[in-house]
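The values are calculated or read from the model by the stated rules, or taken from the named source; none is laboratory data. Remember, predicted model here, so these are calculated numbers, not experimental data. We place every Cβ from the backbone using ideal geometry, glycine too, and count neighbours over all the protein chains shown.
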Amino acid sequence: MARHTHHPIFISSTIVAYATAMHRPHLIPKTAALVFLAAALYLSLHIVHIPFPTIFHLSEFEAYDFNATVDEQQCFNNPFPASEPIPKIVHMVWAKNPELNLLTYLAIRSALDSIKPDQLKLHHAGLNDDNPWLRKLQNRITMVPHDLHDEYPKQIQDNWRTPHIADAMRLDILHREGGIYLDMDVISLAPFDHILSTPKQVVLGHEGGDRQGLCNAVILSRPGSPFIRRWIDTYLNFTRSEWNYHSVVLSKKLSLQHRDEVCELPPSVFFWPTWTNRHVRYMHEPITDQQALDFASEIAANGGAMYPDQLAYHAWSHPATKYFQKLTPQLLKEQNTRFNVLVRRFVD
């Protein structure tokens, strides 16, 4: 199925302005406000389309415009494919503990089934060979053990948290080997082939509609990328208290400085819905049988994804912890939530 760049979710800037004026009228002159409000309300009634519950307050609107930019459309459609594509090798890193769980299984299984990589490498710092989820996957993946104390002694000495070491490790792996890096809570939904042949060195997706950050939960890169090298070098000045600066904010700053090296994709490709409480509830709260049927039909129409241009869904495991802690294969199959409907095909 052809994949398009027009996204069915977009928030008109006019309705956001309307909400702003309603709640903070002192920010604009009174006379201009009346004219602006009338125009904004008229336009918003005609152009807003949101596949979320339709009953909510204007203050809940995201101040984002989700229309793909011209550059994002060109990167996604890739009209000038390179002769040497990014390696179709998936890298995933699990250094948190020795046990895989249902969510990590879904992430690996979906990558195998949707991307169909030439190889999937699971980089780890020690895993339980008897883990039931690992046993289901072990014949389809390549296990790559790492000794964090040997490879990252300074980071260990400086008391880096394991997720930050994993941030550094993914960049080192991609610079050395190239390929597709995926976090262990990323659900792959469609083939990546057409963006692997981008003429640019690196592919990243915007985390939010404001385009202020490029998230490192999904990274596609050629080996030896100068952009990845620069990103690695920034960790020489890493500050542990700045949780997402190096992983989201700094990558955007580097991209703005080296636009010819990075293919930036709209939020809908990897990172929509977001990590906000409202979006987490949207994905994980129970829905009716009819809503589940409608949602499944939408997924089928989009070739396995929620939206026409979506390739993966970052499941935001930390904000959604309370849901994933309770999730079992039986619950996934029997309870209708949007997340469960989306991923059921990856559970035998």
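Could you tell me whether THR198 is under 21 Å from VAL144 (Cα atoms), out of contact with any Ser or Thr (no Cβ under 9 Å at 6 or more places or on another chain) and in the same structural domain as HIS124 (by TED's automatic domain parsing)? Spelling it out, it is not the case that THR198 is under 21 Å from VAL144 (Cα atoms), out of contact with any Ser or Thr (no Cβ under 9 Å at 6 or more places or on another chain) and in the same structural domain as HIS124 (by TED's automatic domain parsing). Filtered by the rule that a residue be acidic (Asp, Glu) and farther than 27 Å from SER188 by Cβ, region 232-283 gives ASP233, GLU242, ASP260.
Condition first: out of contact with any Leu (no Cβ under 6 Å at 6 or more places or on another chain) and small (Gly, Ala, Ser). Now tell me which residues in region 120-160 satisfy that. Selection gives GLY126 alone.
Only a single item in (1) under 30 Å from ALA68 (Cα atoms); (2) at pLDDT 95 or above; (3) touching a Lys or Arg at 6+ places or on another chain (Cβ under 7 Å) is not met by LYS333, and it is number (1).
Just for region 243-296: of the residues that are under 15 Å from the mean Cα position of the chain (by Cα) and among the polar types (S, T, N, Q), which one is modelled with the lowest pLDDT? Applying the filter and picking the extreme gives ASN244. Scanning region 303-348 for residues that are surrounded by 15 or more Cβ atoms within 10 Å (Cβ to Cβ), among the polar types (S, T, N, Q) and in contact (Cβ under 8 Å) with a residue 24 or more places away in the chain gives GLN310, SER317, GLN335, ASN336, THR337.
Between ILE86, ILE108, ILE141, the distinction of being surrounded by fewer than 20 Cβ atoms within 10 Å (Cβ to Cβ) and not charged (D, E, K, R) belongs to ILE141 only. Evaluating PRO308 against the criteria (1) assigned to a helix (DSSP H, G or I); (2) modelled with pLDDT under 95 leaves one unmet condition, (1).
Residue count for region 302-339, restricted to those that are among the hydroxyl-bearing types (Ser, Thr, Tyr) and touching a strand residue (DSSP E or B) at 6+ places or on another chain (Cβ under 8 Å): 1. When PHE56 is tested against (1) surrounded by fewer than 19 Cβ atoms within 10 Å (Cβ to Cβ); (2) modelled with pLDDT of 90 or more, only condition (2) is not met.
In region 278-300, is there at least one residue being crowded, with 19+ Cβ neighbours inside 10 Å and basic (Lys, Arg)? Scanning region 278-300 turns up no residue that is crowded, with 19+ Cβ neighbours inside 10 Å and basic (Lys, Arg).
Here is the figure for region 101-123: residues that are over 19 Å from PHE324 (Cβ atoms) and either in contact (Cβ under 8 Å) with a residue 60 or more places away in the chain or small (Gly, Ala, Ser) (or both) total 5. Of all residues in region 215-242, those satisfying the criterion of being of a type in the set (A, V, I, L, M) and either modelled with pLDDT of 90 or more or touching a Pro at 6+ places or on another chain (Cβ under 7 Å) (or both) are ALA217, VAL218, ILE219, LEU220, ILE228, ILE232.
Among the residues of region 314-326, is there at least one that is assigned to a loop (DSSP other than H, G, I, E, B), at pLDDT below 95 and under 18 Å from the mean Cα position of the chain (by Cα)? No, region 314-326 has no match at all. Taking the conditions (1) β-branched (Val, Ile, Thr); (2) free of Cβ contacts under 8 Å to residues at least 40 places away in the same chain; (3) touching an Asp or Glu at 6+ places or on another chain (Cβ under 8 Å) in turn, ILE141 satisfies each one other than (3). Scanning region 254-269 for residues that are in contact with a helix residue (DSSP H, G or I) (Cβ under 9 Å, 6 or more places away or on another chain) and of a type outside the set (Asp, Glu) returns LEU254, SER255, GLN257, HIS258, ARG259, VAL262, CYS263, LEU265, PRO266, VAL269. Would you mind stating whether TYR181 is more than 19 Å from SER317 (Cβ to Cβ) and touching a residue at least 60 places away in the same chain (Cβ under 8 Å)? It is false that TYR181 is more than 19 Å from SER317 (Cβ to Cβ) and touching a residue at least 60 places away in the same chain (Cβ under 8 Å).
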